[in-house]
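Q: Dumping the structure here so I can ask a few things about it.
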Amino acid sequence: MNSTTRTIGRTAGVLTAAGAMALVATPALADSHTATVSVLHAVPDLPVDVYANGERLIDDFQPGTLTDPLSLPAGDYDLALYPADAADASGEPLLSAMDVAVPAGANATVVAHLTEAGQPALTPFVNETGDIPAGQARVTVRHVAAAPAVDVRAGGQVVVDGLTNPNEESLTVPAGTVNADVVLAGTDTVAIGPADLTLTEGATTVVYAWGSGDAGYELAVQEITGQHSAPSGVPGGSAGLADESGMPLPVGAAVVAGLALAGAGAVRLARSSR
């Protein structure tokens, strides 16, 4: 890991909530009518119900769930997130997004998470899909935890330093298995890990540090495949989505659209009543 090369600057690909999805178009990877969106629920201890146009679409959406990537129809939506099992959509939502426009060709992951100060937020990230050299893998680290700056170590060596919420940094590295942990910036105090990460040749592995001091900190891992350069190298690792506590729960496309699209509009944050 000492030979890693940083390929994307910190925060490149992190978008603001208002109108963000309009900027994540990757037309070569989607047709003219759809967007590709994954969703991570990373707000600890806060199951939510998701409403679209006043109708409940997701009931009891649990923290730690990372959805499969979905092809969603482009369009406009009014969306809101409420505490799980809210009687209806008449009260104050935890998060809301009105007149949400999702353009065709978008490729992103929307994360419901906590800010460093512990407030709920929605952050859409661009998923890097450019070619990866043969025999190499891309790893992206995203800080979405209620925590100050962190360093990411691989094999005991710092490879990402001073990463703050809600930013990211990416590296191109040899494919294989890496033992990694997350420490408070400038210290040896371990916040998450250590954990073995399998970095697949020709794929992007996205690692999310999420959680809070009260609820604990965890890793969620997303893999984006199909980025081999020509000619491709020898495959390595495994495909799919996972978090450190188990396999993600699949959700139907119509249901996930409600949460996935929430990162696109003018998002209104409301303090949790917990």
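Only the coordinates and a few stated rules stand behind these numbers; no lab work does. As the structure is a computational prediction, the values presented were derived from the model and not from experiment. Cβ coordinates were reconstructed from backbone atoms using ideal geometry, including for glycine residues, and neighbour counts include every protein chain displayed.
Q: So if we plug the beta-carbon distance of T115 and D60 into 1/(1 + (r/R0)^6) with R0 = 22 Å, what FRET efficiency do we get, rounded to 0.05?
A: 0.40
Q: How high is the FRET efficiency from D45 to T187, r the C-beta distance, R0 25 Å, rounded to 0.05?
A: The value I calculate is 0.40.
Q: Taking the Cα atoms of segment 149-222, report the difference between the largest and smallest coordinate on each principal axis, in whole Å and largest first.
A: Answer, in whole Å and largest first: 36, 22, 21 Å.
Q: Per-residue counts of other Cβ atoms within 10 Å, averaged by peptide: what ranking do you get for 212-218, 169-175, highest first?
A: By packing density, highest mean first, the sequence is 169-175, 212-218.
Q: What distance in nm separates the simple spin-label points at S90 and V158, each placed 7 Å from Cα in the Cβ direction?
A: So the label points at S90 and V158 sit 5.5 nm apart.
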